[in-house]
Amino acid sequence: MDINKRLALIKEVGEEIITEEELRTLLETKKKPIAYDGFEPSGNLHIAQGLLRSINVNKMIDAGCHFKMWVADWFGWMNNKLGGDLEKIRVAGEYMIEVWKTTGMKTESIDFLWAKDVMADENYWKKVVQIARNSTLPRVIRCSQIMGRKESEQLSAAQIFYPCMQAADVFHLEADITQLGMDQKKVNILAREVAPKLGLTKPVIVSHHMLLGLGKPVSQEKDATERAIDLKMSKSRPETAIFMTDSAPLVEKKIQNAYCPEGEIKENPLAEYLKYILFEKFKEIKIERDKKFGGDLILHSFEEFSAIYLKKQLHPLDLKKTVAVHVNKLLEPVRKHFDTNKKAKNLLEQVQKFEITR
């Protein structure tokens, strides 16, 4: 694959890239740049963390990246996920990896690395302290949104130290590309800011889109990171998100109740499902409807859908039914795996008993 095609594939992942020029130079000078994403194990995996992450990671691999997935168990512990129970957090991490194996994510090409395995590494902590020494407290607090926290919240000392550790992760993993969500942008910029001071290379930031929850979107006046905090609350508001092991009837119910304004694409959660997941997974999407309402439709792209929906030639109820059918097709292999695989079933049963905490 030539440079332009590799660049185009990564641009499909990145809603924002800092900077595109640096990314091109990286692809021209390094055959297999290292890209990384990280996650706090914190309970049931929703569709954005499961299917959308799988789509994005595969594109980065197809573009020639060596991908590292950082299982941030210590970070979840510091951030009081699952009540701050480190053992439960690690079980949740194993569960999440098990889910990805069923989504088509190219897990055989990914290095899954656990934060717990570097906590005794003196060089890791040296990087953390160097970053802390080169950052002001207000600058670090501004990064608190990466944890699903607002700057106005009272933070523990561990949570204040968290951004310095996440910035250190970039350099510890030798990542050329930080491929995380838009909500992680501030700490990735922090890593770029301190890199020259530490004699290290600035990472390229490839920030992926944050999928809307199923409820009515929060105010458009909020920035991307604030909106991401609302999305992260979906675990405590399960009706606003579809989880990877939700039953077919539950998926149908959630989508039936989803916010879906007629004739509007922007801020429409189901339009986002089509754009970022369904048209990535299906070559065509069939919308079944009565002849008196125009008969069946077969759509081949999000652009084709948009043109029809904006003209109000497709009713929200027909859209909801179609999205539910196709989402359930994607989730069925996941449900089957967790129903028939002993290890997977045990992990899911444990995670479902955990009390979800912010």
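Of note:
- Mean Kyte hydropathy of -1.0 or more with a Cα span along the axis of at least 20 Å, helices from DSSP in the chain: 86-101, 157-172, 316-340
- Base-10 log of normalised Debye intensity for the stretch 239-353 (one unit scatterer per alpha-carbon) at q = 0.20 Å⁻¹: -1.07
- The Cα-based radius of gyration and maximum Cα-Cα distance (Dmax) for the stretch 3-208 are 16.3, 46 Å.
- Charges were assigned to the Cβ only: +1 to each Lys and Arg, -1 to each Asp and Glu. The resulting dipole of the chain about its Cα centre is roughly 240 debye.
- Normalised convex hull volume, the chain, alpha-carbon set, Å³ per residue: 141 Å³
- Across the options 84, 257, 208, the greatest Cα extent toward the positive end of the charge dipole of the chain (unit charges at beta carbon of Lys, Arg, Asp, Glu) belongs to 257.
- Remark on residue 112: its backbone amide H falls under 5 Å from those of 69, a criterion applied only to residues 5 or more positions apart or on other chains, H modelled at 1.01 Å from N.
- Nearby aspartates and glutamates by direct alpha-carbon distance to residue 336 (threshold 16 angstrom, same-chain neighbours under 8 apart not counted): 98, 246, 349
- With one equal scatterer per alpha carbon and no solvent term, the Debye-computed log10 I(q)/I(0) for the stretch 50-103 at 0.13 1/Å reads -0.40.
- Loop-resident trypsin sites (Lys or Arg not before Pro) (DSSP state other than H, G, I, E or B) in the stretch 253-286 with no more than 10 further Cβ atoms inside 10 Å of their Cβ: 266, 283.
- Loop trypsin sites (Lys or Arg not before Pro), the stretch 14-97, which have at most 13 other Cβ atoms in a 10 Å radius of their Cβ (DSSP): 30, 31
- Net charge over other residues, Cβ less than 14 angstrom from the Cβ of residue 298 (K, R count +1; D, E count -1): -2
- Near-label residues of the stretch 165-186 by backbone N, under 19 Å of a point 7 Å along Cα→Cβ of residue 28: 176-177
- Annotation: lysines with alpha-carbon distance below 20 angstrom to residue 292 (same-chain offsets under eight excluded): 311, 312, 320, 321.
- Under 5 Å from the amide H of residue 38 lie the amide H atoms of 70, each residue being 5 or more positions distant or on a separate chain, with H modelled from the backbone and absent for Pro and chain starts.
- Listed pairs 106/216; 275/345; 106/342 exceeding 26 Å between Cα atoms: 106/216; 275/345
- Ordered from longest to shortest, the equivalent ellipsoid semi-axes for the stretch 290-357 are 38, 14, 11 Å, each the square root of 5 times a Cα gyration tensor eigenvalue.
Every read-out reported here was derived from the displayed coordinates using simple, explicitly stated rules and does not represent laboratory data. In this text the structure is predicted, and so the values were computed from the model without any measurement. So basically every Cβ, Gly included, is an ideal-geometry build from the backbone, and we count neighbours across all protein chains shown.
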